[in-house]
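Here the structure is laid out as structure tokens; the discussion comes afterwards.
Just so it is clear, none of the values below were taken in a lab; they were calculated from the coordinates. As the structure is a computational prediction, the values presented were derived from the model and not from experiment. A quick note on method: Cβ atoms are made from the backbone with ideal geometry, for glycine too, and the neighbour counts reach across all protein chains shown.
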2 protein chains.
Amino acid sequence: MIPLKRHIYYVSDGTGITAETLGHSLLTQFPDIEVVEVRAPFIDTPSKARDLAAAITRVAQKSGHRPIVFSTLVKPEVIAALNDTPALIIDLFATFIEPLEREFGVESTHTVGRLHGVGNSQTYQRRIEAINFALAHDDGITSDTTLAEADVILIGVSRCGKTPTSLFLAMTHAVKAANYPLIPEDFERGHLPAALRRHREKCFGLTISPERLAQIRAERRPNSEYAALETCRREVESALELMRREGIPWLDTTTKSIEEIATLVLLHLEKQRRYHHL
Amino acid sequence: MIPLKRHIYYVSDGTGITAETLGHSLLTQFPDIEVVEVRAPFIDTPSKARDLAAAITRVAQKSGHRPIVFSTLVKPEVIAALNDTPALIIDLFATFIEPLEREFGVESTHTVGRLHGVGNSQTYQRRIEAINFALAHDDGITSDTTLAEADVILIGVSRCGKTPTSLFLAMTHAVKAANYPLIPEDFERGHLPAALRRHREKCFGLTISPERLAQIRAERRPNSEYAALETCRREVESALELMRREGIPWLDTTTKSIEEIATLVLLHLEKQRRYHHL
């Protein structure tokens, strides 16, 4: 089979994040297509669109293939400037706005780049606060007064995925996530520290396979006691025992991405009715 | 006008992040439609889809309105279970996979939930490393040896947006971003500290309006010298002077979201050819 190398453009009047997410999602269905990806954000005037159209046309001529454009452009006069290129245009708004207008019985506003702008500054402010909260409550930095503010407290052994998950939850969903690493002291004590016990209903456990944990720890501290498989086995087992005893729900992160872990934590919070805003 | 309250479902066999991003983007075009949003991730069997379909049908009957479903479902047998509901289904894959198959001349794989899975574990690993890097180089924690690893070093006065931008760049694009807060010592010295000067070509400045800065700082330390408008004015001005003198490019974050700032930093890195992977 001839390898197909295609130029893919993510075109938007805003950040292009929606166009890129959409494009990546669709392209995962074509793993054999080799792609060269080009990000074209902030295309908000006909003149910028004409420059881009010229570049796309040049690439088409040079490569002998039609480029693919994933577009979330909204303004008709900007879109028009792209229509002259030989590209295949996958136009998100042109495709879906009309059925939605019909369904809602109202016209769309054709406003530009609203999704990833500061837009609703209250929501935006909550996200920034949640990031600051996650940073201030990372790795067991806890205080009883501020834990009262947490939406969730992630617990688990060191390097099981707590910190990236906390940051992702904050950044994407404005969830205030504290995280607390379970250490040998906790296992010897046999229960959670008092500060956490008072907020036990907010605790959510992350576990991981000892083999994967040893691998992750070895990248940071090769040949250490910390990364030894035996240590990892003992810690993971003690952590599970502790979580069972305290009645704390948990999930296994071994084969899950940050996005998947965060989505499962959100589902848990929605069930608990601790989280309402999408 | 009668307020329209519509139930919106984000349905996916994976995290649902693509469906949600798509839906949010389209709904920004209909600001008057009041929505109730429901996340339905990990719908990966016909049985889960049938349960969801039943719930959607109940909501339709109770509310008297057609729910809207944004779907990125891939498996035909799972999609089929949703087709019996009275919902308007905005189906990303059904709509766009076919033109892409025609264009590429190959069939899509119909594989499930690949985008936000661990998938390409090398790429995934790079993102986790970048997050660890951002945390280890936050707020001026620097060492010459590790700065050599940085893709970019964000500089600017305290609270102009460096930390959230660094974390977003790491999480989303695996960019290793250090950040360094400019403080009065830097202004008195009149140039960047030696460790940064050696990596001046990696430095990128963030600036902000003194008024907005005073507002942000006052939320953290009300009535402080730190948050006083006069302090903010002096710091912002000195920072700009320093960046001009050192020949460091910068952008104004006053009205920009993290996503917008990060996108502009990426464009800068692409121009400098420091960043290649999308």
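Using θ = phi - 60° in the Karplus curve 6.51 cos²θ - 1.76 cosθ + 1.60, the 3J(HN,Hα) couplings for the range B:177-189 round to 10, 8, 9, 9, x, 6, 10, x, 4, 5, 5, 5, 4 Hz; x is entered for Gly and Pro.
The relative contact order of the range B:124-278, computed from alpha carbon pairs under 8 Å that lie at least 6 residues apart in sequence, is 26 percent. Between B:ILE90 and B:VAL69, B:PHE70, B:SER71, the built amide H atoms are under 5 Å apart, and every one of these is 5 or more places off in sequence or on another chain. When shorter helices are ignored and each DSSP H run of at least 4 residues is given -39500 (n - 2.57), the per-residue value for chain A at 222 nm works out to -14500 deg cm²/dmol. Taking a ≥ b ≥ c as the square roots of the Cα gyration tensor eigenvalues, with a/c under 1.5 meaning rounded and otherwise prolate when a/b beats b/c, else oblate, which class fits the range A:202-278? Oblate shape, in that a/c is at least 1.5 and b/c is the bigger or equal ratio.
The fraction of all Cα pairs in chain B landing in successive 5 Å bins from 0 to the largest distance is 1, 5, 10, 12, 12, 11, 10, 10, 9, 8, 6, 4, 2, 0, 0, given as whole percents. If R0 is taken as 30 Å, the Cβ-Cβ distance between A:GLU225 and B:ALA136 corresponds to a FRET efficiency of 0.85. Hydrodynamic radius of the range B:5-104 by the Kirkwood approach over all distinct alpha-carbon pairs: 13.8 Å.
Given in Å, the Rg to one decimal and the Dmax to the nearest whole number for the Cα atoms of the protein assembly as shown are 24.4, 71. Working from Cα pairs under 8 Å separated by at least six residues, relative contact order for chain A is 14 percent.
FRET efficiency for the A:ARG189 to A:GLU77 pair, using the beta carbon distance and R₀ = 51 Å, is estimated at 0.15. Measuring between their Cα centroids, the range B:90-124 and the range B:212-278 lie 38 Å from each other.
Between the amide H of A:HIS116 and those of A:THR15, distances stay under 5 Å, these residues lying 5 or more places away or on another chain, with hydrogens modeled in the peptide plane. Between amide H atoms placed 1.01 Å from N, distances below 5 Å from B:GLY205 occur with B:ILE155, B:TRP250, B:LEU251, all of them 5 or more places distant or on a separate chain. Along chain B, counting only GluC sites (Glu not before Pro) with a DSSP assignment other than H, G, I, E or B and at most 16 other Cβ atoms inside a 10 Å radius, the longest segment between sites is B:1-106.
Distance between the modelled labels on B:ARG50 and A:THR254, one decimal in nanometres: 3.1 nm (7 Å Cα→Cβ projection).
Once the Cα atoms are used to define both axes, helix A:162-173 deviates from the longest principal axis of chain A by about 40 degrees.
Sorted largest first, the principal axis extents computed over the alpha-carbon atoms of the range B:56-111 equal 45, 18, 13 Å. Excluding same-chain neighbours fewer than eight residues apart, the lysines reachable from B:LYS62 by a Cα-Cα span under 17 Å are B:LYS5.
Calculated translational diffusion coefficient of the range A:121-271 (4 °C, 1.567 mPa s; Stokes-Einstein with Kirkwood radius over alpha-carbon pairs) equals 83 µm²/s.
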